[in-house]
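Below: the structure, in structure tokens.
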Amino acid sequence: MQKVKTFFHIFINSLLPQAPYYHKLIKTSISFSIKYFTALIYIVNFIFALLLIFRLNASGILPMKDAFLKTLDQYPKELSITVQNGTLQSNYGRPYFIWLDLNQKKRLLGVVDESASSSKIHQYDSSVLFTAKHIVFKTDNGLKEIPYGDNKVSIDKADATQLRVRAAGLFSSGLIILLLFFILVAPLIFTLMYLLYFFVLSLLAYFFFKIFSRKIKLSKAFQISLHAVTIPILVDYGLCLFRPEIARLPLIYLVFFILSFVFVASGIFEAYLDPVTRTHHKPH
């Protein structure tokens, strides 16, 4: 609990550069700031992962897994589909409609109709159509037909059940791997990338402020940047989560660079050049 209180104390004081706290950073070890910065990335990344999963669930992407498994469960017992010598055949005697129950709404995912022409996909209004010779998709440029080739495939109720078991295991393991990546691997990668990025920023700010004060050290300028960029990091993660279409714009990279540089420069100014700092050093 004490570590949590300590982190939030550092976090709150790092949000906006201010002379009393940033002056103390000059006297602390750089390892102190690296630990704070690393903890910040891991905590923000963990919250980001939780919110991302919540948004994916709300958007219907995660529930699609259950809908897909349910579709496999509903595969007819009497239906057998075979593909041999580039030709699809079924024993159903009529088209087989593959429905997806998503958010209490039925959506036609695909149709197996060996007697249909490729253009009938428009009549069915299906995402995929399996004809006797092709798998048909709708694209922006018209229809795309993929021949079955020389592969020999046979699908019946037992195959669908086996596929359902495999798909369920794949979804579960995939979700665990995704969570571990976002919680353990991704923050490590982002920490290293951010450290390099903010070192470059602190180097630029160091050369700028060296004109006004020779006592400024590069190592301390970098250390100060690890606290000063708290808000830019929150903004960066927030845009990626809530406005990904904006976060991908090339202009945003320049905006983030300017925003981060302003905070780094403000932190160095507060630590070394703010009048409050100079008053603090007046001999009594």
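Where a number appears in this text, it was derived from the coordinates with a stated rule and is not lab data. Only a predicted model underlies this, so the values are computations on that prediction, with no experimental measurement involved. Heads up, the Cβs are rebuilt from the backbone with ideal geometry, glycines too, and the neighbour counts pull from every protein chain shown.
Details
- Stretching the chain fully between LYS3 and ARG243 yields a gain of 83.2 nm (0.36 nm per residue, less the alpha carbon separation).
- The simple spin-label model puts a point 7 Å past each Cα toward its Cβ; for LEU203 and LYS65 those points are separated by 4.3 nm.
- Potential lengthening between LEU180 and GLN89 on full extension [0.36 nm per residue; Cα-Cα distance subtracted]: 28.4 nm
- Structural descriptor for the chain: relative contact order 26 percent, calculated from alpha carbon pairs under 8 angstrom and at least 6 residues apart.
- Extension gain, GLU145-LEU273: 0.36 nm per intervening residue step, less the Cα-Cα distance, totals 39.2 nm.
- Too-long pairs where the Cα-Cα distance tops 25 Å, listed order kept, from LYS5/LYS217; LYS5/LYS27; LYS24/LYS217: LYS5/LYS217
- Shape of the stretch 1-82, Cα gyration tensor, a/c cut at 1.5: prolate
- Between helix 63-73 and the chain: long-axis angle, C-alpha atoms, 0 to 90°, nearest 10: 20
- Degrees between helix 2-15 axis and first principal axis of the chain (Cα, 0 to 90, nearest 10): 80
- Dipole orientation for the chain: of the candidates ILE81, ILE176, ALA271, ALA271 has the Cα lying most toward the positive pole (charges on Cβ; Lys, Arg +1; Asp, Glu -1).
- In degrees, nearest ten, helix 250-272 long axis to first principal axis of the chain (Cα): 30
- By definition, a body whose alpha carbon gyration tensor gives a ≥ b ≥ c is oblate when a/c is 1.5 or more and a/b is not larger than b/c, and the stretch 80-155 fits this oblate description.
- Cα-based equivalent ellipsoid, the chain: semi-axes from gyration tensor eigenvalues, Å: 61, 20, 15
- Placing pseudo-labels 7 Å out from each Cα toward the beta carbon at LYS24 and SER127 gives an inter-label distance of 5.5 nm.
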